[in-house]
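Right, one structure below, let's go through it.
The values are calculated or read from the model by the stated rules, or taken from the named source; none is laboratory data. If you're wondering where the values come from, they're calculated on a predicted model, not measured in any experiment. All Cβ positions, even for glycine, are placed from backbone atoms using ideal geometry, and neighbour counts span all protein chains on display.
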Amino acid sequence: MEPAAGAAMFVNPLTALGFVETMRTERFRGIVHLAAASNLGQMLNRICVADDIPLINVVRSGEQAELLTNQGARYVLDSSSPDYEEKLRSALYETKITLAFDPIGGGFQASQVLAAMEAAASRDVSAYNRYGTEVFKQLYIYGMLNPSPTVLDRWVGFAWSVGGWLLTHRLKQMGKEGEARLLDRVRSELTTTFASHYTARLGLPEILHPDNIRSYSRKATGAKYLVTP
Ligand SMILES: NC(=O)c1ccc[n+]([C@@H]2O[C@H](COP(=O)([O-])OP(=O)(O)OC[C@H]3O[C@@H](n4cnc5c(N)ncnc54)[C@H](OP(=O)(O)O)[C@@H]3O)[C@@H](O)[C@H]2O)c1
C-alpha cells in the first residue's frame, strides 16, 4: 500500500464515523446529510450502505446526484430541482429521520430540512396543534461552506435544536477507547470505505502558485490535492 493511502485517514473518516456514533448515542434512526457529494459525504454514504443505516443525501447538481447513486445511495435529492422540498418531505416521511448534519451553515437550507422534518412528522396527525408536533428534530452544523448567517424560519414547531458538531470535541467525549475503535475500522477499510482520490499532487513550492491556491480554495466536489513535500 502506498503511504499516500494514509494521507487523509483521520479527519474525514473519523468525522463520518462520528456522525454514526452521534446518531446511535442520541437514539436517532438515520441521517440527512447536506453537501453530500463531498469527500466526507461519499465516505458516510459508503458506511451507511454497508451498515444498512438510512441516509438521505442532499446535493446541489445532477452530476453530484449521479455520483452518489452510482455508489449505491438509496436517497439522493438535488436541492437545485424545483420539486426538492416535496421530495425531501416524502423521503423524511418514509424514513422518519429526524437528525441532520449540515456543512453549509449559512443560508436557509438547514431551516428547510427542519421544516420538512416537521411537515413529515405532522402528516399523520389528526388534530391541529398550534405548537406543532412533539417529534424532536436535531440539526448539527459542522462546517462553513457558506459563511453567511444561518437563517431559521419558524415553521418547525417547538421540538427542535440546532447545534455545532466538531470532531475534536466528540473524540474527547468518546474517550481513548472510542477513538481507537473508530481508528481500527478506518485502518481496516482504508482503501475501500475511506479511500480519498486526488486531482493532483503538489510539492511545497507549487502549493503557493496562485492558480493552485484558487483551485484548492474552491472546496469543489472531487477536487482534493495531495501535498508531497
Ligand atoms: N466539524 C468537523 O469536525 C469537520 C470535520 C471534517 C470536515 N468538516 C467540514 O466538512 C465539510 C466537507 O469537507 P470535505 O473535505 O468532505 O469537502 P469537499 O470534498 O471539499 O467537498 C465540499 C462539497 O461541498 C459543496 N459545496 C461547497 N460550497 C457549498 C455551498 N455554499 N453550498 C452547498 N454546497 C457547497 C461542494 O459542491 P460543489 O462541487 O457544487 O461546489 C462539494 O460537494 C467542510 O466544510 C469541512 O470543513 C468539518
Any chance Y131 is touching a residue at least 12 places away in the same chain (Cβ under 8 Å), among the hydroxyl-bearing types (S, T, Y) and surrounded by 15 or more Cβ atoms within 10 Å (Cβ to Cβ): no
Some residue of the range 83-94 being aliphatic (A, V, I, L, M), more than 25 Å from A50 (Cα to Cα) and either out of contact with any helix residue (DSSP H, G or I) (no Cβ under 8 Å at 6 or more places or on another chain) or modelled with pLDDT under 95 (or both): no
Filter result (farther than 20 Å from E94 by Cα, in contact (Cβ under 8 Å) with a residue 24 or more places away in the chain and surrounded by fewer than 21 Cβ atoms within 10 Å (Cβ to Cβ)) within the range 64-76: Q71
Candidates T25, T69, T95, filtered to the one that is away from the ligand (no atom under 14 Å from the Cβ), in contact with a Phe, Trp or Tyr (Cβ under 9 Å, 6 or more places away or on another chain), more than 16 Å from Y142 (Cα to Cα) and of a type in the set (S, T, N, Q): T95
Tally, over the range 95-149, of residues that are of a type in the set (S, T, N, Q) and part of a loop (DSSP other than H, G, I, E, B): 4
